[in-house]
1. When only residues in the range 69-92 that are at pLDDT 90 or above and of a type in the set (A, V, I, L, M, F, W, C) count, which is farthest from Ala143 (Cα to Cα)?
2. Would you tally the residues in the range 13-43 being charged (D, E, K, R), within 28 Å of the chain's Cα centre (by Cα) and loosely packed, with under 14 Cβ neighbours inside 10 Å?
3. Counting just the residues of the range 1-46 that are among the charged types (D, E, K, R) and assigned to a helix (DSSP H, G or I), which one comes out nearest to Ala60 (Cα to Cα)?
4. Quick test for you: out of Val95, Val103, Val90, pick the one residue that is of a type in the set (A, V, I, L, M) and touching a Ser or Thr at 6+ places or on another chain (Cβ under 6 Å).
5. Starting from the range 147-160, keep only residues that are aromatic (Phe, Trp, Tyr), then list their pairs with residues that are modelled with pLDDT of 90 or more whose Cβ atoms are within a distance under 7 Å, requiring at least 6 positions of separation or different chains.
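The values are calculated or read from the model by the stated rules, or taken from the named source; none is laboratory data. Every value quoted in this text rests on a predicted model; they were computed, and no experiment measured them. Reconstructed Cβ throughout: ideal geometry from the backbone, glycine too, with neighbour counts over all protein chains shown.
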Amino acid sequence: MRILETLAQAPEGLPLSALADELELPRSACHRLLADLTRCGYVRQVRAHGDYALTTKLPALGLSYLGGAGIIDIAQPIIDRLADVSGELVRLALVDGDRLTFVGKAQGARSGLRYDPDMGIDVRLSCSAGGHAWLMTLSEERATELVAHQGFGSPKEFGPKAPTTFKALMKVLEEDRRRGFSMMTEMYAPGMSAMAAPVQRRGQGTVGVITIAGPLMRLTPARMQVLGEPLVAAAQQLALASASSPFFSHRRHS
């Protein structure tokens with residue numbers, strides 16, 4: 001699984017030596033695992049005796065799972081409407097254990113600078129609007145536990161205004177709770193803004209978050225305040241609609 005996760009971040013492929021070094025595995029063991037994954041159809045060699053890369057089998061499984069669970073069919077119309085209203089990138093991330101992962105999106109920007117990061121990544125909780133929207137619904141103890149497990153990351157992984165201590169993070173989360181949604185500028189990346197609201201189901205807690213992200217020159221703090229009401233409304237609509245998805249029917253509060 002660590003091999004799959006590492007290759008997912010390198011679509012161009014990685015040589016055996018780099019992959020083994022990254023995972024701190026003996027090259028012989030890494031080669032044996034890659035051979036098994038290749039035989040099962042999850043990994044291919046980009047060229048003979050060359051780099052290893054993922055095939056489309058793994059993402060196809062993910063899409064099949066999400067489709068069968070009804071998540072995208074339920075969420076997409078709501079995401080699309082919010083993207084039209086905001087004129088920015090709108091994404092849905094789902095809580096799964098200790099992780100928050102983006103699974104759906106709609107791009108509302110029709111021209112100019114577009115912010116559109118890769119899907120399927122685990123959200124950095126300490127410096128992302130989606131992460132804050134989830135953390136603000138948890139106890140301080142649980143929020144601290146999740147961030148401690150994931151870490152704050154290195155300076156290259158967050159923006160200049162990101163909280164880098166638990167004290168600073170808790171102060172931001174308290175402001176988010178009073179507002180009812182998270183809001184940040186240049187915490188995730190320089191020149192970028194984002195906001196998010198939790199999707200909460202009665203008896204299950206937060207099952208996901210819906211986010212709006214875009215360039216700071218368009219998505220200003222004043223603009224985000226205006227978008228707060230439609231953002232929260234979309235989160236509430238998602239919570240109601242999720243009742244028809246088998247994915248959410250057996251969820252438990254994290």
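1. In this case the residue turns out to be Val85.
2. The qualifying residues number 2.
3. Step by step, filter the range 1-46, then rank; the result is Glu5.
4. Selected residue: Val95, the only one of Val95, Val103, Val90 that is of a type in the set (A, V, I, L, M) and touching a Ser or Thr at 6+ places or on another chain (Cβ under 6 Å).
5. Every condition considered, the pairs that remain are Phe152/Ser126; Phe152/Thr164; Phe158/Cys127; Phe158/Met187; Phe158/Tyr188.
Every residue, every condition in (1) under 17 Å from the mean Cα position of the chain (by Cα); (2) part of a loop (DSSP other than H, G, I, E, B); (3) not charged (D, E, K, R), yes or no:
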{"position": "Lys161", "(1), (2), (3)": "no, yes, no"}
{"position": "Ala168", "(1), (2), (3)": "no, no, yes"}
{"position": "Lys171", "(1), (2), (3)": "no, no, no"}
{"position": "Asp176", "(1), (2), (3)": "no, no, no"}
{"position": "Met183", "(1), (2), (3)": "yes, no, yes"}
{"position": "Pro190", "(1), (2), (3)": "no, yes, yes"}
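Okay, residues lined up against (1) at pLDDT below 95; (2) buried (at least 22 other Cβ atoms within 10 Å of the Cβ):
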position: Phe102; (1), (2): yes, no
position: Trp134; (1), (2): no, yes
position: Lys171; (1), (2): no, no
position: Gly180; (1), (2): no, no
